[in-house]
1. Using only Cα atoms, tell me the angle between helix 201-211 and the longest principal axis of the chain; keep it within 0 to 90° and round to the nearest 10.
2. Just want to confirm a number: the relative contact order over the range 51-133, from Cα pairs under 8 angstrom separated by 6+ residues, in percent.
3. Per the helix-only calculation at 222 nm, which mean residue ellipticity applies to the chain, given -39500 (n - 2.57) for every DSSP H run of n ≥ 4 and division by its residues, nearest 500 deg cm²/dmol?
4. Please report the relative contact order for the chain, taking Cα pairs under 8 Å with a sequence separation of at least 6, and give it as a percent rounded to a whole number.
5. Using the per-residue mean of other Cβ atoms lying within 10 Å as a proxy for protection, in what order, highest first, do the peptides 179-191, 292-304 fall?
6. Pull out a ≥ b ≥ c, the square roots of the eigenvalues of the alpha-carbon gyration tensor of the range 347-405, then state rounded if a/c is under 1.5, prolate if not and a/b is larger than b/c, and oblate in the remaining case.
7. For the pair residue 38/residue 321, report the inter-label distance in nm, with labels modelled 7 Å from Cα in the Cβ direction.
8. So, R0 is 45 Å and r is the distance between the beta-carbons of residue 142 and residue 226; what FRET efficiency does that work out to, to 0.05?
Ligand SMILES: Nc1nc2c(c(=O)[nH]1)N[C@H]1C(S)=C(S)[C@@H](COP(=O)(O)OP(=O)(O)OC[C@H]3O[C@@H](n4cnc5c(N)ncnc54)[C@H](O)[C@@H]3O)O[C@H]1N2
Ligand code: MOO
């Protein structure tokens with residue numbers, strides 16, 4: 001058999017052509033799922049003062065023996081500090097989030113005192129620091145609290161707001177332009193004539209890339225004629241997107257014009273036969289600033305190669321770790337032995353009494369989409385791997401929506 005290029009080698013060749021996009025400053029409220037380009041440095045300590053974690057009374061812990069009577073001399077509410085320093089024998093009413101008055105170092109919950117006019121009696125011992133959130137215990141002013149390369153989640157956004165920032169610097173979204181080829185392709189909603197099928201690739205690839213942090217523009221379907229394809233390709237490349245993804249026409253048929261068309265418009269291009277299943281034929285190259293991925297037309301091959309080769313490039317454009325987020329899980333059924341190509345086998349996650357395992361889907365046809373819809377990700381099986389029994393461990397590449405199927 002002709003030499004096939006290993007997946008890791010192809011990926012390394014791709015990644016050495018990528019450097020992160022420039023950064024932009026955006027509102028924090030728009031920053032969900034965007035990737036940080038600059039460190040976030042706290043503008044304040046959190047909490048900014050020693051505060052109370054309970055509704056109760058602030059006191060000196062040296063006065064904190066059960067049975068002690070203290071005089072309540074004022075109120076420290078959240079946002080309205082009590083300014084007079086406290087002496088021994090005194091306490092101040094304090095509410096959750098209130099700043100501890102000077103001279104105090106502890107708070108007793110109101111449930112643990114008896115109140116009689118402006119006097120209280122402690123019904124429990126009080127230790128130094130009890131019910132106190134010390135200044136800076138969460139983070140300190142000037143501390144780096146989130147690092148570049150982090151794709152921001154809702155919890156990050158709360159943290160960044162608490163540190164005083166209304167804006168963040170993130171990497172610009174890489175732009176992906178899509179172009180399909182095939183005379184047989186018809187848009188859903190149109191009637192099918194003999195020999196035609198619906199164009200499905202763009203509908204899956206667009207959100208796949210959007211979920212990875214890109215903006216995607218679909219240029220539709222080009223006719224399988226070289227000059228028409230060249231015109232469409234020029235159109236799709238005009239704004240110099242970071243990535244152009246084509247599907248179809250990648251193989252060896254007489255009507256596979258993609259490679260000659262891309263070369264004719266000036267792309268430097270390699271045609272790879274990769275040791276990957278599905279998705280063996282892949283074109284990769286560059287025109288100007290744009291990386292070009294020529295994915296195979298078969299729907300499963302297109303979605304798998306988009307996951308295995310295009311998504312890592314998108315992560316690298318976003319300053320993220322490009323590596324696939326593989327996890328190790330036990331099989332819930334036998335996995336058949338593999339042939340000469342690294343196999344991305346469709347698989348479901350199974351939850352049994354809270355324990356996760358993966359169930360390989362038998363279907364391996366690279367045009368079979370209902371098995372794709374049923375899968376939560378792919379078991380990554382090495383070339384020539386032997387049969388593996390149920391219970392043995394495998395590498396699993398979860399899709400971003402995989403956890404939803406466990407609900
Ligand atoms: N003699 C050989 N034939 C093939 C080989 C080979 O090595 N020798 N490789 C096979 C493999 S593996 C693949 S993968 C395909 C790749 O073919 P192409 O990239 O040229 O894809 P097309 O021929 O254009 O289409 C294949 C298949 O997919 C359907 N398709 C295409 N685009 C779409 C779309 N946007 N939405 C839905 N379906 C699409 C198309 O109708 C075809 O059925 O080549 C094998 N052949
Ligand atoms: O590599 Mo093709 O994607 O096997 O059908």
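None of the figures in this text is laboratory data; all of them are computed from the coordinates on show. This is a predicted model, so every value here is computed, not measured. All Cβ positions, glycine included, derive from the backbone under ideal geometry; neighbour counts span all protein chains shown.
1. Compared with the principal axis, the helix lies near 30 degrees.
2. The value is 42 percent.
3. -4500 deg cm²/dmol
4. Working: 950 pairs, mean separation 62.7, N = 407.
After rounding, I find 15 percent.
5. So the peptides 179-191, 292-304, ranked by packing, come out 292-304, 179-191.
6. Working: a/c = 1.83, a/b = 1.04, b/c = 1.76.
Here the range 347-405 falls in the oblate category.
7. 2.6 nm
8. On the way: r = 60 Å, r/R0 = 1.34.
E(calc), rounded to 0.05, equals 0.15.
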